[in-house]
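The values are calculated or read from the model by the stated rules, or taken from the named source; none is laboratory data. All figures in this text were calculated on a predicted structure; none of them were measured in a lab. Positions of Cβ are backbone-derived with ideal geometry, glycine not excepted, and every protein chain shown enters the neighbour counts.
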Amino acid sequence: MPSLLTRAVTPDAEAFLRNVRREGTPERVHHMELYLDPEIAEAVAQRFGLWRDIDPNQPMNQVKREIEIQRFLGYDYVKCGLDGYDWPLNREGVEDTAEIKRAGGRQFVDEHKGPISSWDEFESYPWPDPDKADDRALEWLNKNLPDDMCIVGGLTAHFAELLSWLMGYETLCYALFDQRDLVKAIADKLMDLETRYVKRLLQFERVEIVWGSDDMGFRTGTLISPEDMREFVLPGHKAIAEMTHEAGRLYFLHSCGNLDAIWPDLLDEVKIDAKHSFEDVIESVIDHKRRLGNRIALIGGIDVDLLCRADEATIRRRVREVLDVCLEGGGYCLGTGNSVANYIPVDNYLVMLDEGRNYAG
């Protein structure tokens, strides 16, 4: 494969924000990702000689690494949240957390039963305290991030995810019939904690976007009924979106799955500014642009399955097809359909970036 990323890209946060606000076709392609898996970041850093001048023993070394790799890859932002805001998810409530453990593969949350299935477990659960979470990285970035970049605050707003993680998806489904008061209590608790978390994010003036992350669907519909979504999940997103908009910032939503049944709610009630996560088997980002591109910005959409399996020519062709439709008028950032997962070949990820850098429209 030929050398990639030979065309330099300088971050431009102001142009990036104009683009996601749909204020006209951008002068170049802007890129955005929910996250890069650490294995991908490490592989890129080693290949291109990044991080060598960052002392791993110095304060904020991880944040400095993030800035360097984001700038190198052409992103206009650094994503950062509060540290120490963790959700124990095993039965004892002290070991496993929502953070994916990748040693030996990928682990997933128990779908059958989580740590809360009764009122006693609700009362004894070690709820995290957003007021005590560590904001030193955000504070450092707020003062030291280069002027041509901005901060994306997150990830937060896991209302649907945490209901299923804390109860277990199977237990949640039963509880929606016979323990709705317990489901409501958990939802209310999540509303309190997540809005307090976002309140702290918004104290930092360089946080321009709050990125909510909440998988709410599967291939053909929402994970719980649209009516239950409106009762237990969407009010939390609406509250956070209102807080964010009142502070003059943007609210983005990442959610996997088919959300057709609640799209009117997301657009007219929650009032999201951008949607992320697209699968071609549900609806391609091109079709989303034609259907909703006059209402919100769209992020990503280069299908993860394609990035895993396709050759270079196919990936480049697909990137051009997406940009030909989605870039016009602004409101689109190039990226994967979900995230740069550790099973995506690094070269295929770089091909996607390279084609975006060289796109002439």
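Computed quantities for the displayed model
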item	result
Some residue of the range 222-231 being within 20 Å of LYS275 (Cβ to Cβ), within 18 Å of the chain's Cα centre (by Cα) and either aliphatic (A, V, I, L, M) or at pLDDT below 95 (or both)	no
Residue in the range 53-64 that is closer than 26 Å to VAL304 by Cα and either within 19 Å of the chain's Cα centre (by Cα) or not small (Gly, Ala, Ser) (or both) present	no
Restricting the range 232-249 to residues that are within 14 Å of LEU193 (Cα to Cα) and among the β-branched types (Val, Ile, Thr), the residue that is nearest to the chain's Cα centre (by Cα)	ILE240
Subset of the range 302-322 that is crowded, with 20+ Cβ neighbours inside 10 Å and of a type outside the set (D, E, K, R) - its residue that is nearest to GLU23 (Cα to Cα)	VAL322
Residue under evaluation ARG47, criteria (1) closer than 19 Å to VAL351 by Cα; (2) not in a helix (DSSP H, G or I), criterion not met	(2)
One residue from ASP311, ASP303 being modelled with pLDDT of 95 or more and under 24 Å from LEU259 (Cα atoms)	ASP303
Residues of the range 45-62 satisfying the condition of being charged (D, E, K, R) and touching a residue at least 40 places away in the same chain (Cβ under 8 Å)	ARG47
Those residues of the range 212-248 which are part of a loop (DSSP other than H, G, I, E, B), exposed (fewer than 15 other Cβ atoms within 10 Å of the Cβ) and not β-branched (Val, Ile, Thr), in sequence order	PHE218, ARG219, SER225, GLY248
Residue check, LYS184 out of contact with any strand residue (DSSP E or B) (no Cβ under 9 Å at 6 or more places or on another chain), of a type in the set (D, E, K, R) and buried (at least 16 other Cβ atoms within 10 Å of the Cβ)	no
Residues (touching a residue at least 60 places away in the same chain (Cβ under 8 Å) and of a type outside the set (A, V, I, L, M)) located in the range 224-248	PHE232, GLY236, HIS237
Top-ranked residue of the range 188-221 - restricted to ones that are of a type in the set (A, V, I, L, M, F, W, C) and more than 20 Å from ASP131 (Cβ to Cβ), ranked as nearest to the chain's Cα centre (by Cα)	TRP211
Test: GLU194 is surrounded by fewer than 23 Cβ atoms within 10 Å (Cβ to Cβ) and of a type in the set (Asp, Glu)	no
Residue that is in a loop (DSSP other than H, G, I, E, B) and crowded, with 23+ Cβ neighbours inside 10 Å, where the choices are ASN338, ASN342	ASN338
Any hit, the range 338-353, residues being in contact (Cβ under 8 Å) with a residue 40 or more places away in the chain, farther than 20 Å from ALA43 by Cα and of a type outside the set (Ser, Thr, Tyr)	no
Any hit, the range 142-154, residues being modelled with pLDDT under 95, of a type in the set (Asp, Glu) and in a loop (DSSP other than H, G, I, E, B)	no
Some residue of the range 277-286 being touching a strand residue (DSSP E or B) at 6+ places or on another chain (Cβ under 8 Å), of a type in the set (Ser, Thr, Tyr) and not in a loop (DSSP other than H, G, I, E, B)	no
Out of ASP280, ASP260, sole residue that is surrounded by 17 or more Cβ atoms within 10 Å (Cβ to Cβ) and among the acidic types (Asp, Glu)	ASP280
